[in-house]
Structures are given as structure tokens and as C-alpha cells.
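First the structure, in the form of C-alpha cells, and then the observations on it.
The values are calculated or read from the model by the stated rules, or taken from the named source; none is laboratory data. Keep in mind it's a predicted model, so treat the numbers as computed, not measured. Here the Cβ is made from the backbone with ideal geometry for all residues, glycine too, and neighbour counts use every protein chain on show. SASA here: full protein model, heavy atoms, side chains in, ligands and nucleic acids out. Shrake-Rupley method; radii C 1.70, N 1.55, O 1.52, S 1.80 Å.
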Amino acid sequence: ACYAAALAAVEPAGLVAGALERVGGHLVLGGREGGSPPSHAGPVLVVGAGKAALPMARAVATLAGKDCHGGLIIVPHGGAGPCPLGVEVASGAHPVPDTAGEAATARLLARVAAADPTTLVLTVLSGGASALLVAPADGLTLADKQAVTEALNAAGADIVALNTVRKHCSRVKGGGLARAAVGAAGLWTLLLSDVVGDDPSTIASGPTVAD
């Protein structure tokens, strides 16, 4: 019973439904204290990564309905499946990134960069996203990132230390995805935390928040 209760408490689609709702023609972001909740009417691009990204994206796309204009999420190899309303599901390696994750991240960033001032970029992130979102910083290669990840894991680095280094080796982490979304109507992020303390700059190495 305890095991079942724990799984139910972190069921991704249920958590999305508690944070996002459809009110008339608007998508409304809940769970924030004070003031009017942010809302958006118009196209929605769904992007993200992580071990729970697929059920999160399915829930977001279903809530967005006809306003969902596709998107792309990245999940671990073996975890792909269908997602409604044109959201592409790609896969990559975890915990050490691979070429498939790198190629998928390049497509994801291109879609985000193409979002126009009428389009909301809605990002879903969960544990595993740091490995799945891989875009080496200028002057680095995928092999460099693989070596750094393996070395830090072997040294016993905790998730905060690991993701701090990852952010400074990447064009997508540490706010990189947010910078790509500069032309969009807005950027919302739904985080399913696997980090003690729930620091948004550490979860998934903070692709949508400042370093």
C-alpha cells in the first residue's frame, strides 16, 4: 500500500493536471501564490526531456487540444511511445549522453528558436533530462561531455556538483533553452523534481532558468 501510494503521488499526468488547466480558450498555469495566474490563448509548442517526459507531454498536449502545434520530447532509449497532436518522441542515452540525444536536442532547439510571438513554448522536464538534452558548448565535443560525465560519476559527485559542471559545458543547460525561446510569446516550465530541495537551476541542469 505504501509503494502504491508513493507511485500515485508522483504520477506525471496527474501532477500536470494539478498545475495546468484549460479555461475557455486559454491555457492557465496554476500552483502559483498571489496575483492572477499566467494564461495563454494561441499556439502551444511542447518540448522537454526526461524519464517522465512522455506522460507529462501527453497530458500537456491533451489539455492544449487544438492549440497544440506539435513539439519534441526526448526520453531514454526504450521509453519512446506515441504522443498526441504531433509531438515527436525521440530517444537518447542515459546517464552518459550519445549522438542520438545530441541530434534530437539540435532539432528541439531549432523548433524552440522558430517559435513566433503568438506561440507559447511549454517545457516538461524530469529526472534524466540532463543526459538527454545534450548540446556541447562551443569548443567542446560530445566525446568531451561523455568523458566529463563518466569522470564525475566515477568520482562520486552528487547531483548538484554534476549538474553545475554540466551547465558550463552546454548550450542548452543553464538557461540555454530559454535563450533559444526569445522570440516566443512566453516560456512555461513544468518540473518533476528528482533533486532534494527542488532547486530549479539544478533540476535537469536548469535549461529554462538562469544559472
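Remarks
- From the options Gly101, Gly174, residue that is in contact with an Asp or Glu (Cβ under 7 Å, 6 or more places away or on another chain), crowded, with 23+ Cβ neighbours inside 10 Å and free of Cβ contacts under 8 Å to residues at least 40 places away in the same chain: Gly174
- Total residues in region 81-119, condition in a loop (DSSP other than H, G, I, E, B) and among the charged types (D, E, K, R): 2
- Residue that is surrounded by the fewest Cβ atoms within 10 Å (Cβ to Cβ) [pool: residues in region 120-147 that are of a type in the set (D, E, K, R) and not in a loop (DSSP other than H, G, I, E, B)]: Asp144
- Residue match in region 72-83 (condition: over 17 Å from Thr189 (Cβ atoms) and at pLDDT below 95): no
- Scope region 38-79; condition farther than 16 Å from Gly101 by Cα, part of a strand (DSSP E or B) and touching a residue at least 60 places away in the same chain (Cβ under 8 Å); matching residues: His40, Val44, Leu45, Val46
- Residues of region 177-211 satisfying the condition of being assigned to a helix (DSSP H, G or I), touching a helix residue (DSSP H, G or I) at 6+ places or on another chain (Cβ under 7 Å) and open to solvent by 20 Å² or more (accessible area, probe 1.4 Å): Ala180
- Identity of the residue in region 87-98, under 24 Å from Leu15 (Cα atoms) and either among the hydrophobic types (A, V, I, L, M, F, W, C) or in contact with a Cys (Cβ under 7 Å, 6 or more places away or on another chain) (or both), that ends up surrounded by the most Cβ atoms within 10 Å (Cβ to Cβ): Val87
- Only residues that are within 20 Å of Asp116 (Cα to Cα) and of a type outside the set (Val, Ile, Thr) were counted across region 1-28, and they come to 3.
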